[in-house]
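Single-structure report; data block below.
Where a number appears in this text, it was derived from the coordinates with a stated rule and is not lab data. All values derive from a computational prediction rather than experimental measurement. Virtual Cβ from ideal backbone geometry, glycine too; neighbours counted across all protein chains shown.
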Amino acid sequence: MKNLTKNMTIAAAALVVAAGVAQAQTIKVEVPFSFRAAGTVMPAGAYWVNTRALNGGIRVVQLSDADMRHSIVAVPYQADDPKPGSPAASLTFECGGAHCALVQLAVGNGKAYRFHSPKLGRGEDSRVAVIRVMVNGR
């Protein structure tokens with residue numbers, strides 16, 4: 001009986017891991033400027049962006065530089081449902097002065113995740129930078 005319980009527990013754990021991996025999506029992007037994401041300043045460079053659904057359905061986004069020296073995890077405040085004709089996979093930044101912040105991740109299937117960004121100063125000009133990315137290394 002103990003072996004059956006142990007085997008069922010292992011099988012259930014494997015199923016949870018497999019479900020998590022099936023929901024994960026990875027994109028690669030080259031960001032030519034430093035930016036802020038999840039309260040952390042990230043240097044310019046190549047990044048891997050992974051989206052995952054945790055147990056309980058909470059979606060998280062991990063940004064890791066190509067050398068895996070810098071990495072952050074961000075929780076989007078909003079996830080838009082897929083829409084037909086939505087743009088390709090991209091990262092959108094809002095920039096004010098010399099500072100940029102990640103405000104949206106579109107994963108290429110019409111789904112987009114939005115992130116909080118720092119408030120711009122009074123009278124500070126802003127611009128938007130959109131960087132298209134490769135999905136799953138393509």
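Some notes on this structure:
- Chain lengthening between Ser126 and Val60 when straightened (0.36 nm per residue, less Cα-Cα): 21.1 nm
- Radius 9 Å from Cβ of Tyr47, net charge of other residues (Lys, Arg +1; Asp, Glu -1): -1
- Estimated distance in nm for a label pair at Thr40 and Gln78, the labels positioned 7 Å out from Cα along Cα-to-Cβ: 2.5
- For segment 32-46, putting each phi into the Karplus relation 6.51 cos²θ - 1.76 cosθ + 1.60 with θ = phi - 60° gives couplings of x, 9, 6, 8, 10, 9, 6, x, 10, 7, 10, x, 4, x, 8 Hz, in residue order, rounded to whole numbers and with x for Gly and Pro.
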